[in-house]
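Data first, discussion second: the structure below is written as structure tokens.
Derivation of every value follows stated rules applied to the coordinates shown; laboratory data play no part. Please read these numbers as outputs of a predicted model, since none were measured by experiment. Every residue, glycine among them, receives a Cβ derived from its backbone with ideal geometry; neighbour counts consider all protein chains shown.
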Amino acid sequence: MIETRGLRKSYRSRAGRETKTVDAVRGVDLDVAAGEIFGFLGPNGAGKTTTLRMLATLIEPDGGEAAVAGADLRKDPAEVRRRIGYVAQGGSTWDESSAREELVLQARLYGIGKADAHRRAERALEAFQLVEYADRKCKTYSGGQRRRVEIALGIIHEPKIVFLDEPTTGLDPQSRAHMWDEIRRLRTEGMTVFITTHYLDEADALCDRIAIMDHGEVVAEGTPAELKREISGEVVIVGLDAPSTPRAAELLDTEAYVSKLETVDEGGLRLYVDEGATAIPQVLRRLDHAGLDLRSIELHRPSLDDVFLTKTGRSLRES
Amino acid sequence: MKLARDTWLIFQRQTQLLLRNPVWIFVGVFQPVMYLLLFAPLLKPALNAPTQAAAYKIFVPGLLVLLAIFGGLFQGFGLIAELRAGVIERSRVTPVSRLALLLGRSLRDVVSLIAQAIIITLLALAFDLRVFIGYLLLAYLMLALIALMTSAVSYGIALKVKSEDALAPLMNTVAQPVLLLSGILLPLTFAPGWLQGVAKWNPFSWAVEGTRALFNGDLGNDRVWQGLGIIAVLAAAGVFWAARQFARSVR
Ligand SMILES: Nc1ncnc2c1ncn2[C@@H]1O[C@H](COP(=O)(O)OP(=O)(O)OP(=O)(O)O)[C@@H](O)[C@H]1O
Ligand SMILES: [Mg+2]
């Protein structure tokens, strides 16, 4: 559905007298299949929005090529526009218009006739639970209501693909869960959904496949489960006094189920194992036999943050 | 066909929003009426006009051209607000014609200017101004072309500078010499030779003279077709340039 090769974009920005070049996106290759929810996960400034804006024909790439919904991005941007929907990160509704007016206009801009546009608007208002506020000015909506209007605007013409730039940023947990349901519903209707997010749980729970982006590059791509499996199984964190740590390390390093062992600075060990649930009893027994005092034991299943950490050397939570 | 349809959609939407804001309508009518009531009475003695009606024949066309220029030039501010709200970006991902995005807006400005002009003309009739209707319509055509040009240019510049802080001083800087060198408030017949020479390079001074000739019932005056011609060419160029800004503008 989306295929990009070597997509690039740099910005020139002027700071005082110097002109600096920011390589916002440096060679992105993506393959998004029809009917999936594809997630773009990355910290602020990773280049997610820039990539989306290129795919939505809003900015021209400096290099590379892409096919979006079967149309060539460079040769036929007009056709791409007809086939996609795009919901910007920063909002797109006008304060003085109502949701219904915006929806009808949007449908009409896609060439849909008047009566049909009104029908579609009505349907969208119902689907996104907006009927109650449909004829109020957008400036009176809450953040979540407004976000729902914007998403409804992006799909009013039933595109093959919809790009949603951070659809849930700024929503409370309940609205977020609702939004996830809406997005899943779009998938059921056969739409391909491309979202960006910097929420790990969102990428994990909502997306069929994700690409992790950092500094303008895709550093990993796959299903959340694949990505997590790729990195080192699970981690058992053993809390020990500093003095007994070396002895414990010596004992456990030779165990077959420990694939890698790290010493924690303040005392304690990190054991990389295939399956934590079966490793823990063995660790307990071994240390007990040796008469070593165990303070705590903890099982850590890898999260997407660990994937991010292994790929970039930074934690997404910190950046 | 698609262009006409898209233009109509944008025009409709923009007009609807304008009508929803009664403050704008009030200001749009109130200001020129004040000029008419409070400034025009000074003119008969100042211009040495034989009658009040004669003074109005000189002043009203100038006032209308002034409104067309300023009304157009300051439309860019509204666009910057739309830019900031993301409305323009939203339109730009749809297949809507880029030219329609501009024309729909500029035509709204033209229509509201003509509405203003009609109100002022009617008021001036009350002060004994008399103009033949055919000439008046030609004068309105001139005004429409001026408004089309200035609003298109204003939108184009707004898309380029993207901020009110830059647009305001820019527009004032452009508007001031244009205003002073066009003989809008007082005819340039009073001006020294060098000033008249400079004013020749100001297309609006041709437009003003043409409009005055029309109000004077002087259709044979060369300034009429010259003014219309110059402004029509400039309006076409302005629309072309501004539509390209809509096609390429980022963020
Ligand atoms: N118009 C611009 N001019 C100059 N630099 C820009 C411009 N737009 C984006 N950038 C830079 O390009 C880089 C990527 O920005 P982008 O908006 O794509 O990031 P993002 O992944 O969407 O981040 P966020 O999660 O904060 O939305 C950033 O370093 C940003 O400062
Ligand atoms: Mg972004």
Practice prompt. Given a cut-off of 22 Å, name the pairs among A:Lys20/A:Lys311; A:Lys228/A:Lys260; A:Lys48/A:Lys311 whose C-alpha atoms lie farther apart than that in the structure shown.
Written response: A:Lys20/A:Lys311
Practice prompt. Give me the angle, in degrees from 0 to 90, between the Cα long axis of helix B:52-73 and the longest principal axis of the Cα atoms of chain B, rounded to the nearest 10.
Written response: 20 degrees
Item to complete: Let me see the pair-distance distribution of the stretch A:166-300: every alpha carbon pair, 10 Å bin width, integer percents in order.
Response: 10, 30, 20, 21, 15, 3, 0
Worksheet item: Where does each of B:182-193, B:143-154, B:91-102 land if you order them by average Cβ count within 10 Å, highest first?
Response: B:143-154, B:91-102, B:182-193
Worksheet, complete the sentence: Excluding residues fewer than 8 positions from B:Lys2 in its own chain, the aspartates and glutamates with Cα under 16 Å of it are A:Glu79
Discussion item. Considering all projection directions equally, how large on average is the shadow of the alpha-carbon convex hull of the stretch B:30-123, in square nanometres?
Written reply: 7.1 nm²
Worksheet item: Taking the stretch B:78-140 as the region of interest, what is the percent of Cα-Cα pairs per 10 angstrom bin, listed from the shortest bin to the one with the maximum distance?
Response: 17, 34, 19, 18, 10, 1
Worksheet entry | Cα coordinate range in the stretch A:195-265, projected on the principal axes (Å, largest first) | 49, 24, 22
Response to the item:
CD proxy, 222 nm, chain A: helix-only mean residue ellipticity via -39,500 (n - 2.57) per DSSP H run with n ≥ 4, per residue, nearest 500, stands at -10500 deg cm²/dmol
Worksheet entry | In Å, descending, principal axis extents of the Cα set of the stretch A:234-301 | 28, 24, 19
Worksheet entry | Antiparallel content of DSSP bridges confined to chain A, in %, to 5 | 70 percent
Discussion item. Here is the link list: A:Lys75/A:Lys114; A:Lys75/B:Lys162; A:Lys139/B:Lys162. Which ones come out longer than 25 Å on Cα distance?
Written reply: A:Lys75/A:Lys114; A:Lys75/B:Lys162
Worksheet item: Rg and Dmax of chain A over Cα atoms: what are they, in angstrom?
Response: 24.4, 81
Item to complete: Sticking to Cα atoms, compute the Rg of the protein assembly as shown to one decimal and its Dmax as the biggest Cα-Cα distance, whole number, in Å.
Response: 32.8, 121
Practice prompt. Return the Cα extents of the stretch A:22-69 along principal axes one, two and three, sorted largest first, each rounded to a whole Å.
Written response: 33, 23, 17
Discussion item. Quick check on packing: order A:90-103, A:244-257 by the mean number of other C-beta atoms within 10 Å, highest mean leading.
Written reply: A:90-103, A:244-257
Response to the item:
Computed over the stretch A:8-104, the Cα gyration tensor eigenvalues, each multiplied by 5 and square-rooted, give semi-axes in Å (largest first) of 25, 21, 14
Worksheet item: What angle do you read, to the nearest 10 degrees and between 0 and 90, between the alpha-carbon axis of helix B:76-85 and the longest principal axis of chain B?
Response: 20 degrees
Worksheet item: To the nearest whole number, what is the average tally of beta carbon atoms from other chains within 10 Å of the beta carbons of peptide B:90-103?
Response: 5
Practice prompt. For chain A, find the longest principal axis of its Cα atoms and tell me its angle to the long axis of helix A:143-155, 0 to 90°, nearest 10.
Written response: 70 degrees
Discussion item. Just to be sure I understand: if I project the alpha-carbon convex hull of chain B onto a plane and average over all orientations, what area do I get in nm²?
Written reply: 13.9 nm²
Discussion item. Please give me, ordered by residue number, the GluC sites (Glu not before Pro) of the stretch A:132-200 that lie in loop per DSSP and have at most 16 other Cβ atoms within 10 Å.
Written reply: A:Glu189
